[in-house]
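Colleague: Before anything else, here's the structure in question.
The values are calculated or read from the model by the stated rules, or taken from the named source; none is laboratory data. This structure is a prediction, so every number in the text was calculated from the model and none was measured. A quick note on method: Cβ atoms are made from the backbone with ideal geometry, for glycine too, and the neighbour counts reach across all protein chains shown. Accessible surface areas use protein heavy atoms only, side chains included; no ligands, DNA or RNA. Shrake-Rupley method; radii C 1.70, N 1.55, O 1.52, S 1.80 Å.
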Amino acid sequence: MADDLARLTGLLYEIGLLKRYKRTGWLVAGVRDPESIADHSFRAAIIAAVITALEGGNPERAAFLSLFHDTQETRVTDIPYIGKRYLQAASNEKVTADQVRGLPEPVAEMLTSAVGEYEEKLSLEAVCARDADKLDCLIQAVEYREQGHQNTQPWIDSSLAALKTASGKRLADEVLRTGSLEWMTRILAGDEG
């Protein structure tokens with residue numbers, strides 16, 4: 001049991017790397033200090049819950065899948081799309097299998113199941129979680145563009161093209177129609193509803 005706890009503790013430290021690892025694609029766009037992988041995963045989980053609720057699925061499951069969708073990047077890092085043309089990283093399922101080796105069985109099964117479901121794209125929750133991944137990228141691109149980074153259009157275009165759900169597409173249209181601080185302007189103007 002002590003070895004199980006040591007391995008589990010090691011995984012928790014490993015997952016903490018996601019707070020330090022940056023999303024590298026934004027470096028290509030000229031963003032000097034881009035969001036971390038953990039930053040991305042957090043908002044993607046919120047978005048996944050929202051999209052899934054709108055689509056009539058289980059929001060908690062979709063958020064859960066989103067939390068684990070990039071955990072493999074502790075070992076393979078965030079390879080930008082252009083790099084993926086030249087590098088062949090191990091599959092997320094293989095990396096996860098290595099990450100959970102020696103962990104208590106309930107934890108290993110939980111992580112393996114979540115990553116497998118996300119990668120298989122068969123459940124509504126997985127489809128919504130994948131849309132959330134793309135919608136967060138789109139929102140981040142809009143925010144970076146508003147901060148003066150003019151090279152974000154390819155991220156906007158590729159994110160829009162990847163969306164599958166009606167709710168994800170409607171939210172994307174609204175993201176592109178509004179500014180990132182319009183919500184605050186409305187509140188300050190007294191429009192709370």
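Colleague: Tally time: how many residues in region 59-111 are over 23 Å from D131 (Cβ atoms) and of a type in the set (K, R)?
Modeller: Result for region 59-111: 4.
Colleague: Which condition breaks for L67 when tested against (1) crowded, with 20+ Cβ neighbours inside 10 Å; (2) within 14 Å of the chain's Cα centre (by Cα)?
Modeller: Evaluating L67 over (1) crowded, with 20+ Cβ neighbours inside 10 Å; (2) within 14 Å of the chain's Cα centre (by Cα) leaves (1) as the failure.
Colleague: Considering each of I82, I47 in turn, give the residue that is within 25 Å of D157 (Cβ to Cβ), β-branched (V, I, T), assigned to a helix (DSSP H, G or I) and out of contact with any helix residue (DSSP H, G or I) (no Cβ under 6 Å at 6 or more places or on another chain). Quick ask: steps written out before the conclusion?
Modeller: Numbers: I47 fails: out of contact with any helix residue (DSSP H, G or I) (no Cβ under 6 Å at 6 or more places or on another chain).
Just a single option satisfies the conditions, and that option is I82.
Colleague: Consider I15 carefully, then state whether it is open to solvent by 50 Å² or more (accessible area, probe 1.4 Å), closer than 23 Å to H149 by Cβ and touching a residue at least 24 places away in the same chain (Cβ under 8 Å).
Modeller: In short, no.
Colleague: Hey, another quick one. Would it be correct to say that R32 is open to solvent by 50 Å² or more (accessible area, probe 1.4 Å), over 26 Å from C128 (Cβ atoms) and of a type outside the set (F, W, Y)? Break it down stepwise before answering.
Modeller: Working: open to solvent by 50 Å² or more (accessible area, probe 1.4 Å): yes; over 26 Å from C128 (Cβ atoms): yes; of a type outside the set (F, W, Y): yes.
Against the criterion (open to solvent by 50 Å² or more (accessible area, probe 1.4 Å), over 26 Å from C128 (Cβ atoms) and of a type outside the set (F, W, Y)), R32 qualifies.
Colleague: Can you spot a residue in region 19-26 that is at pLDDT 95 or above, open to solvent by 20 Å² or more (accessible area, probe 1.4 Å) and assigned to a strand (DSSP E or B)?
Modeller: yes
Colleague: Suppose we filter V107, V127 for residues that are among the β-branched types (V, I, T), out of contact with any helix residue (DSSP H, G or I) (no Cβ under 6 Å at 6 or more places or on another chain), at pLDDT 95 or above and surrounded by fewer than 16 Cβ atoms within 10 Å (Cβ to Cβ); which single one remains? Spell out the reasoning first.
Modeller: Working: V127 fails: surrounded by fewer than 16 Cβ atoms within 10 Å (Cβ to Cβ).
Exactly one of V107, V127 is among the β-branched types (V, I, T), out of contact with any helix residue (DSSP H, G or I) (no Cβ under 6 Å at 6 or more places or on another chain), at pLDDT 95 or above and surrounded by fewer than 16 Cβ atoms within 10 Å (Cβ to Cβ), namely V107.
Colleague: Let me ask something else. For the subset of region 93-136 comprising residues that are of a type in the set (G, A, S) and part of a helix (DSSP H, G or I), which member is nearest to D157 (Cα to Cα)? Break it down stepwise before answering.
Modeller: Here is the first cut: in region 93-136, the ones of a type in the set (G, A, S) are 97, 102, 108, 113-114, 116, 123, 126, 129, 132.
If we keep only those that are part of a helix (DSSP H, G or I) as well, we get 97, 108, 113-114, 116, 126, 129, 132.
Values: A97: 33, A108: 36, S113: 31, A114: 28, G116: 27, A126: 22, A129: 19, A132: 15 Å.
Checking each candidate, the answer is A132.
Colleague: Another question about this same structure. What's the number of the condition A90 fails, among (1) in a helix (DSSP H, G or I); (2) closer than 23 Å to A38 by Cβ; (3) among the small types (G, A, S)?
Modeller: Going through (1) in a helix (DSSP H, G or I); (2) closer than 23 Å to A38 by Cβ; (3) among the small types (G, A, S) one by one, A90 breaks only (1).
Colleague: Please go through region 75-104 and pick out each residue that is touching a residue at least 40 places away in the same chain (Cβ under 8 Å), within 17 Å of Y13 (Cβ to Cβ) and open to solvent by less than 50 Å² (accessible area, probe 1.4 Å).
Modeller: Q99, V100, G102, L103, P104
Colleague: Being open to solvent by less than 80 Å² (accessible area, probe 1.4 Å), touching a residue at least 40 places away in the same chain (Cβ under 8 Å) and part of a helix (DSSP H, G or I): is that true of G168 here? Write out each step before concluding.
Modeller: Details: open to solvent by less than 80 Å² (accessible area, probe 1.4 Å): yes; touching a residue at least 40 places away in the same chain (Cβ under 8 Å): yes; part of a helix (DSSP H, G or I): yes.
Considered against the rule, which asks whether it is open to solvent by less than 80 Å² (accessible area, probe 1.4 Å), touching a residue at least 40 places away in the same chain (Cβ under 8 Å) and part of a helix (DSSP H, G or I), G168 comes out as yes.
Colleague: List pairs: first in region 177-189 and within 19 Å of C137 (Cα to Cα) and part of a loop (DSSP other than H, G, I, E, B), second among the β-branched types (V, I, T) and open to solvent by 80 Å² or more (accessible area, probe 1.4 Å), Cβ under 9 Å, 6+ apart or cross-chain?
Modeller: What qualifies is G179/T185.
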